[in-house]
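To keep things clear, I will list the structure first and then write my remarks on it.
The values are calculated or read from the model by the stated rules, or taken from the named source; none is laboratory data. Quick caveat: nothing in here was measured; it's all calculated off a predicted structure. When we count neighbours, we look across all protein chains shown, and the Cβ atoms used for this are built from the backbone with ideal geometry, even at glycine. Calculation scope for accessible area: heavy atoms of the full protein, side chains included, ligands and nucleic acids excluded. Shrake-Rupley method; radii C 1.70, N 1.55, O 1.52, S 1.80 Å.
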Amino acid sequence: MEETQKPALKLKRLQEMPIQGKRVLVRVDFNVPLKSGAVSDDSRLRAALPTLRYLIQAKAKIILISHLGRPKGKPEEKYSLKPVAKALEKILETPVAFFPECVGPEATKAALNLKEGEILLMENLRFHAGEEKNDSAFAQDLASLGEVFVEDAFGAIHRAHASTVGIPKILPSCVGFLVQRELEFLDRVIGNPARPFVAIIGGAKVSDKLGVLNKLLDRVDTLLIGGGMAYTFLAAQGISIGKSLLEKEKIADAQAVIDKSYAKKVTCLLPADHLAVSEIKPGVQVSVTQGMAIPEQLIGADIGPHTIEIFLEEIEKAKTIFWNGPMGVFEIPEFSSGSRAIAEAMAKAGKNGAVTIVGGGDSLAVLSQGGLSEQMSHCSTGGGASLELLEGKTLPGLSAISS
Ligand code: AMP
């Protein structure tokens with residue numbers, strides 16, 4: 001608990017702010033996937049609904065700002081938020097107007113013209129270089145849209161951008177219901193988790209996860225490591241990994257994580273077998289390795305059936321489970337069985353009373369593919385932000401709001 005955000009920061013909550021009739025500027029995370037010009041997964045829009053419904057009921061004039069993708073500081077049609085307005089309108093069952101800019105006199109005029117309970121979604125913040133540079137003039141322009149600022153973009157609070165740290169310097173600011181829920185969950189679980197506490201960490205890169213692995217070792221009873229990053233750990237143990245993903249320069253760090261697990265008496269489990277292939281592509285011939293080692297010419301693409309068995313045994317015993325990162329190249333169905341097995345086991349553990357938390361876009365995608373999202377205690381909308389919170393880092397978007 002000592003390293004988490006909440007005790008150190010005093011964050012004003014949306015329910016404490018007078019907002020009736022006010023122009024409320026809400027930073028949301030509508031960085032949703034688009035396919036053929038339409039939103040293909042609306043989970044992030046749904047996550048914003050509690051705050052939006054509250055604001056509508058409270059008769060605020062609502063201005064939404066968000067980023068989408070990485071347009072590099074200038075407009076790019078494929079990153080327009082226009083289709084998002086349509087999708088939001090559908091799930092909110094209320095008109096959502098769209099404005100094709102986020103700053104400038106016309107944008108301000110559109111905000112000023114709003115009536116109580118109306119919603120206006122502005123164009124992508126990242127169409128302006130000032131957003132990611134945290135340019136103060138750009139923040140000032142954005143702030144002029146509203147009278148009150150609500151931070152509800154959990155997925156963006158670990159970034160020091162104009163919309164996350166610039167605006168709170170100018171407007172009275174608070175955190176919305178999504179950010180509140182994310183913080184409460186991570187605090188509750190990390191602060192005083194029901195035990196055994198099992199963390200499952202996967203994904204491609206060791207370097208992205210080292211910080212959180214080290215912190216988790218102070219808290220968990222069992223750490224299960226899978227995905228592409230597991231091969232660097234296996235290499236550290238002197239096990240041959242063929243042509244699998246390897247971060248050579250992280251071998252020593254991986255070994256340090258293993259050493260720390262011994263010192264802390266944390267059970268740290270690596271894959272015991274793998275699905276191995278000559279090339280990562282659909283339709284390729286797949287073999288199951290006999291043990292931890294991978295033949296010279298092959299690549300590990302997913303955890304094997306024996307590993308699934310071992311990992312599931314740990315998950316079944318757990319009372320708190322945290323999962324971030326896929327166990328294999330789950331985007332290709334042949335290599336998604338490890339990740340699917342974790343998702344299903346977590347859903348089962350949840351039914352038996354365990355607290356289940358999932359963070360990271362890929363793990364969430366696995367859940368939604370299996371229709372299991374609703375069965376988790378909490379699905380975090382911000383993979384990066386939740387990892388940084390778990391690491392005990394100070395998140396710029398929260399510090400900026402804290403009084
Ligand atoms: P991350 O963003 O670090 O959580 O990594 C997610 C990515 O890891 C996904 O795109 C997966 O395809 C990839 N991944 C998982 N397992 C493997 C593997 N065995 N080899 C290569 N990539 C992997």
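Details
- Residue check, L234 within 30 Å of I294 (Cβ to Cβ) and in a strand (DSSP E or B): no
- Among residues of region 218-245 that are open to solvent by less than 30 Å² (accessible area, probe 1.4 Å), those with a beta-carbon under 7 Å from a residue that is among the small types (G, A, S) and more than 15 Å from the ligand (Cβ to nearest atom) at least six positions away or on a different chain give the pairs L223/S261.
- Any chance L25 is under 23 Å from C174 (Cβ atoms) and open to solvent by less than 20 Å² (accessible area, probe 1.4 Å): yes
- Subset of region 172-204 that is hydrophobic (A, V, I, L, M, F, W, C) and part of a helix (DSSP H, G or I) - its residue that is surrounded by the most Cβ atoms within 10 Å (Cβ to Cβ): V179
- Qualifying residue in region 155-171 (condition: within 16 Å of the ligand (Cβ to nearest atom), among the small types (G, A, S), open to solvent by 10 Å² or more (accessible area, probe 1.4 Å) and part of a helix (DSSP H, G or I)): yes
- Residues satisfying the stated conditions in region 282-312, i.e. within 15 Å of the ligand (Cβ to nearest atom), under 27 Å from M346 (Cα atoms) and either of a type in the set (A, V, I, L, M, F, W, C) or touching a strand residue (DSSP E or B) at 6+ places or on another chain (Cβ under 6 Å) (or both): V286, S287, V288, T289, M292, G300, A301, D302, I303, G304, I308, F311
- If the condition is being touching a residue at least 24 places away in the same chain (Cβ under 8 Å) and surrounded by fewer than 18 Cβ atoms within 10 Å (Cβ to Cβ), then region 364-374 contributes S368, Q369, G370.
- Within region 337-363, the set of residues being open to solvent by 10 Å² or more (accessible area, probe 1.4 Å), without any contact (Cβ under 8 Å) to a residue 40 or more places away in the chain and not in a helix (DSSP H, G or I) comprises N352, G353.
- Consider region 247-273 and keep the residues that are in contact with a helix residue (DSSP H, G or I) (Cβ under 6 Å, 6 or more places away or on another chain) and either open to solvent by 70 Å² or more (accessible area, probe 1.4 Å) or among the charged types (D, E, K, R) (or both). The one that is nearest to the ligand (Cβ to nearest atom) is E247.
- Set side by side, the residues S244, S207 differ, and just one is touching a helix residue (DSSP H, G or I) at 6+ places or on another chain (Cβ under 8 Å), modelled with pLDDT under 95 and either within 10 Å of the ligand (Cβ to nearest atom) or assigned to a helix (DSSP H, G or I) (or both), which is S207.
Conditions tested, residue by residue: (1) under 13 Å from the mean Cα position of the chain (by Cα); (2) within 12 Å of the ligand (Cβ to nearest atom).
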site: E314; (1), (2): no, no
site: S336; (1), (2): no, yes
site: N352; (1), (2): no, no
site: V355; (1), (2): no, no
site: A365; (1), (2): yes, yes
site: L390; (1), (2): yes, no
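- Among the residues making up region 320-336, those that are outside any strand (DSSP E or B) and touching a Phe, Trp or Tyr at 6+ places or on another chain (Cβ under 6 Å) are G328, V329, S336.
- Screening region 97-154 for helices (runs of 4 or more DSSP H) wholly inside it with 2 or more residues that are open to solvent by 60 Å² or more (accessible area, probe 1.4 Å) returns the ranges 105-112, 136-143.
- The number of residues in region 43-67 being part of a loop (DSSP other than H, G, I, E, B) and more than 24 Å from H161 (Cα to Cα) comes to 3.
- In region 71-82 there is no residue matching the filter, namely being of a type in the set (S, T, N, Q), in contact with a helix residue (DSSP H, G or I) (Cβ under 6 Å, 6 or more places away or on another chain) and part of a loop (DSSP other than H, G, I, E, B).
- Selection of first residues in region 293-312 that are without any contact (Cβ under 8 Å) to a residue 24 or more places away in the chain and of second residues that are within 15 Å of the ligand (Cβ to nearest atom) and in a helix (DSSP H, G or I), restricted to Cβ pairs under 7 Å at least 6 apart or on distinct chains, gives an empty result.
- Residues that are in contact with a Cys (Cβ under 8 Å, 6 or more places away or on another chain) and under 18 Å from F154 (Cα atoms) are absent from region 68-87.
- Residues (without any contact (Cβ under 8 Å) to a residue 12 or more places away in the chain and farther than 18 Å from K22 by Cβ) located in region 96-127: P105, E106
- Residue within region 66-82 that is at positive phi, modelled with pLDDT of 95 or more and in contact with a Gly (Cβ under 9 Å, 6 or more places away or on another chain) present: yes
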